[in-house]
Amino acid sequence: QQQVKQSPQSLIVQKGGISIINCAYENTAFDYFPWYQQFPGKGPALLIAIRPDVSEKKEGRFTISFNKSAKQFSLHIMDSQPGDSATYFCAASEGGQGGKLIFGQGTELSVKP
Amino acid sequence: DGGITQSPKYLFRKEGQNVTLSCEQNLNHDAMYWYRQDPGQGLRLIYYSQIVNDFQKGDIAEGYSVSREKKESFPLTVTSAQKNPTAFYLCASSQSRVSQPQHFGDGTRLSIL
């Protein structure tokens, strides 16, 4: 119930291509879905987040698509760049649980020049 | 600059020894969190605190202890009872108890001597 399942585990994309990472959840009480970007040796940094009353949110080259009925959400990185090479984590939280985040397992993205 | 400071960056523990990881934030956030990250895995919640002098166990609290005597500080002690302490430890904070963005420090890498 509390799990967030993320796929793929790793992803290789050519420069200029679209990177797509998917996450699925079971707990319908989740009300906040952030994506984090992490570089080696650093803490995760918030990239973009969505709440379930919206089906899509776009910030620059990053877009979250949210499908409430399917209990799935995904991150799209348009025009992927080598500097986007990092590990990406999806997460979810339930407001009544003190803001605790449940993280997916992570996707290691490599963008080839 | 506002942010979260974790220290030390690297820490080594001897057998039977307790070690304490420091986390300080100047964001005036109420809630603070400790996560453990193992290679190829997502972040797992150890402890969290929504308010000074109060904290709750997360999913993997065994072998760890915390205190929250000041709003700015949330130190984590890895006790000798934690048999597999080698990991990357991340501290985070958020503005309130409900689902809000969490901001992370740059972590402490703990290893066993």
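Quick note: the coordinates plus some simple rules give every number you see, no bench work behind them. Nothing here was measured: the structure is a model prediction, and the numbers come from that model. Note: ideal-geometry Cβ built from the backbone for every residue, glycine included; neighbour counts use all protein chains shown.
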Residue with peak Gaussian network fluctuation, chain A [Cα springs, cutoff 10 Å], from A:T28, A:T63, A:T87 | A:T28
Is there a pair in A:K42/A:K68; A:K5/A:K112; A:K68/A:K100; A:K5/B:K71 whose C-alpha atoms are over 24 Å apart, and which pairs would that be?
-> A:K42/A:K68; A:K5/A:K112; A:K5/B:K71
Might you report the magnitude of the Cβ-based charge dipole of chain B about its Cα centre, with Lys and Arg at +1 and Asp and Glu at -1, to the nearest 20 debye?
-> 240 debye
Distance in nm between pseudo-label sites at A:R61 and B:T77 (7 Å out along the Cβ direction from Cα) | 4.7 nm
Furthest towards positive pole of dipole, B:T5, B:F74, B:Y64, structure part chain B, Cβ charges = B:Y64
In nm, the gap between the two label points placed 7 Å beyond Cα toward Cβ at B:Q95 and B:N18 is 3.6 nm
For an R0 of 30 angstrom, estimate the FRET efficiency from the Cβ-Cβ distance between B:T5 and A:Q9 and round to the nearest 0.05.
-> 0.40
Please list A:72-78, A:52-58 highest first by mean number of surrounding beta-carbon atoms within 10 Å per residue.
-> A:72-78, A:52-58
GNM on chain B, Cα springs under 10 Å; top mean-square fluctuation among B:P85, B:P75, B:P39 goes to B:P39
Average partner coverage of A:32-41, which counts Cβ from other chains inside 10 Å | 3
Computed about the Cα centre, the charge dipole of the protein assembly as shown from +1 Lys/Arg and -1 Asp/Glu charges at the Cβ has a magnitude in debye, to the nearest 20, of 300 debye
Connecting every pair of Cα atoms under 10 Å apart in chain A and solving the GNM, the largest mean-square fluctuation among A:E94, A:E26, A:E59 falls on A:E59
Going residue by residue through the range A:11-23, the Karplus relation 6.51 cos²θ - 1.76 cosθ + 1.60 with θ = phi - 60° gives ³J(HN,Hα) values, rounded to whole Hz and with x marking Gly or Pro, of 8, 10, 10, 7, 3, x, x, 9, 9, 10, 10, 10, 9
List, in order, the whole-Hz ³J(HN,Hα) value for each residue of the range A:61-69 obtained from phi through the Karplus relation with A = 6.51, B = -1.76, C = 1.60 and θ = phi - 60°; use x for Gly and Pro.
-> 8, 9, 9, 9, 10, 10, 10, 5, 5
B:N26-A:I20 FRET efficiency (beta carbon distance; Förster radius 30 Å; 0.05 resolution) = 0.20
